[in-house]
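S.K.: Can you keep this structure in mind? I'll have questions shortly.
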Amino acid sequence: STQLTATEATSNNNMADASTAVETTPAYWDDTYLFTLDAKAVAVRENDEEKEKEAAHQLLLDRTIFHPQGGGQPCDTGRIVCGDDSIFVVLSVKKNAAGEIVHYGCFKGPVFPEGASVTLYVDEERRRQSARLHSAGHLLDSVVSQLGLDLSPGKGYHFPDNPYVEYEGKVPAEEREELREKIEEVVNVLIAEATAVDVKVAKYAELDGLLGGPPPSYISDSQPCRVVSMAGTACPCGGTHVPNVGDIGRMKITKLGGKRNKVRISYALE
């Protein structure tokens, strides 16, 4: 097929509204360990976003295995190949305001023509690490629930530099070290039990039963919701997860800290 020049194949108009937004099937939802996939290039745009200034272009596909940054999880990276002479190096992936999954990166070789067949290769090591770290954060919620702690899950940060889950509530300073040790003990018992992780997409009306209570206010009542369940605790989540709790590997609780009405449990994977 004919390769186009950057000027012919791209547009400076990167704003898409709901009516013109490119819909991309998130194939990473179906299989965490799907590291390569064939897809089609739907749109190539010149990139002018200051936050992604290292990327020359934006690439949108009909389906993708690249997880966008969000939900406390870092994006995937890797490469997308078209034919024998063109590679798009994926530097980052994000969802934009229109809900599009946008791959930010640079072409080595000609720009992909619209409609071109391409092959995606995600960085396997990074994906496996992200899945383990994200699932580890969810498993902390299970431990907090099992221990009957008066803590409500809040923000999760599942990046490799210093992952943690932050909870609403209080733990007195003099009780924190003992609780840190208890959480570490219980979480590793759960990992050793190696139970399956269940992922399903449910209708809004089904969420009460799956979540054990009303869904969070940010969940749309007009869209299906993906629910991840592990070790007796379920929550809405669009991230990539291990298929079995045992795949997380041994977990260390590095710190349990508190400030005002928040408790932060930091962890690391061995």
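The values are calculated or read from the model by the stated rules, or taken from the named source; none is laboratory data. Treat the numbers as computed from the prediction; the structure is a model and nothing was measured. Cβ coordinates were reconstructed from backbone atoms using ideal geometry, including for glycine residues, and neighbour counts include every protein chain displayed. Accessible surface areas use protein heavy atoms only, side chains included; no ligands, DNA or RNA. Shrake-Rupley method; radii C 1.70, N 1.55, O 1.52, S 1.80 Å.
S.K.: Could you tell me whether residue 182 is open to solvent by 70 Å² or more (accessible area, probe 1.4 Å), of a type outside the set (Phe, Trp, Tyr) and not in a helix (DSSP H, G or I)? Let's see the steps before the verdict.
M.R.: Working: open to solvent by 70 Å² or more (accessible area, probe 1.4 Å): yes; of a type outside the set (Phe, Trp, Tyr): yes; not in a helix (DSSP H, G or I): no.
No.
S.K.: Would you check if there is a residue in segment 234-242 being in a loop (DSSP other than H, G, I, E, B), open to solvent by 70 Å² or more (accessible area, probe 1.4 Å) and closer than 18 Å to residue 268 by Cβ?
M.R.: For segment 234-242, residues in a loop (DSSP other than H, G, I, E, B), open to solvent by 70 Å² or more (accessible area, probe 1.4 Å) and closer than 18 Å to residue 268 by Cβ: absent.
S.K.: Let me ask something else. Report yes if residue 89 is under 20 Å from residue 29 (Cα atoms), free of Cβ contacts under 8 Å to residues at least 60 places away in the same chain and of a type in the set (A, V, I, L, M), otherwise no. Talk me through it step by step, then tell me what you get.
M.R.: Details: under 20 Å from residue 29 (Cα atoms): no; free of Cβ contacts under 8 Å to residues at least 60 places away in the same chain: yes; of a type in the set (A, V, I, L, M): yes.
Answer is no for this residue.
S.K.: Return yes or no: is residue 206 open to solvent by 40 Å² or more (accessible area, probe 1.4 Å), modelled with pLDDT of 95 or more, not in a loop (DSSP other than H, G, I, E, B) and not small (Gly, Ala, Ser)?
M.R.: Judged against the criteria, residue 206 is not a match.
Rundown of residues vs (1) open to solvent by less than 60 Å² (accessible area, probe 1.4 Å); (2) modelled with pLDDT of 95 or more; (3) not in a helix (DSSP H, G or I), yes/no style:
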position: 115; (1), (2), (3): yes, yes, yes
position: 121; (1), (2), (3): no, yes, yes
position: 140; (1), (2), (3): yes, yes, no
position: 144; (1), (2), (3): yes, yes, no
position: 160; (1), (2), (3): no, yes, yes
position: 165; (1), (2), (3): yes, yes, yes
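S.K.: If you check 70, 83, which single one turns out to be touching a Lys or Arg at 6+ places or on another chain (Cβ under 7 Å), modelled with pLDDT under 95 and either on the phi < 0 side of the Ramachandran plot or open to solvent by 20 Å² or more (accessible area, probe 1.4 Å) (or both)?
M.R.: After ruling out the rest, the residue left standing is 70.
S.K.: Is it true that some residue in segment 38-59 is closer than 25 Å to residue 137 by Cβ and modelled with pLDDT of 95 or more?
M.R.: no
S.K.: Also, I was wondering about something else. So, residue 201, is that one of a type in the set (A, V, I, L, M), open to solvent by less than 60 Å² (accessible area, probe 1.4 Å) and in contact (Cβ under 8 Å) with a residue 12 or more places away in the chain or not?
M.R.: no
S.K.: Quick test of your reading of the structure: residue 97 fulfils all but one of (1) over 18 Å from the mean Cα position of the chain (by Cα); (2) surrounded by fewer than 18 Cβ atoms within 10 Å (Cβ to Cβ); (3) assigned to a loop (DSSP other than H, G, I, E, B); (4) of a type outside the set (S, T, N, Q). Name the failing condition by number.
M.R.: All conditions pass for residue 97, except number (1).
S.K.: While we're on this one: Can you confirm whether segment 248-263 contains a residue that is open to solvent by less than 20 Å² (accessible area, probe 1.4 Å) and at pLDDT below 95?
M.R.: no
S.K.: Scan segment 37-67 for residues that are open to solvent by 60 Å² or more (accessible area, probe 1.4 Å), out of contact with any helix residue (DSSP H, G or I) (no Cβ under 9 Å at 6 or more places or on another chain) and part of a strand (DSSP E or B) and report the count.
M.R.: Result for segment 37-67: 2.
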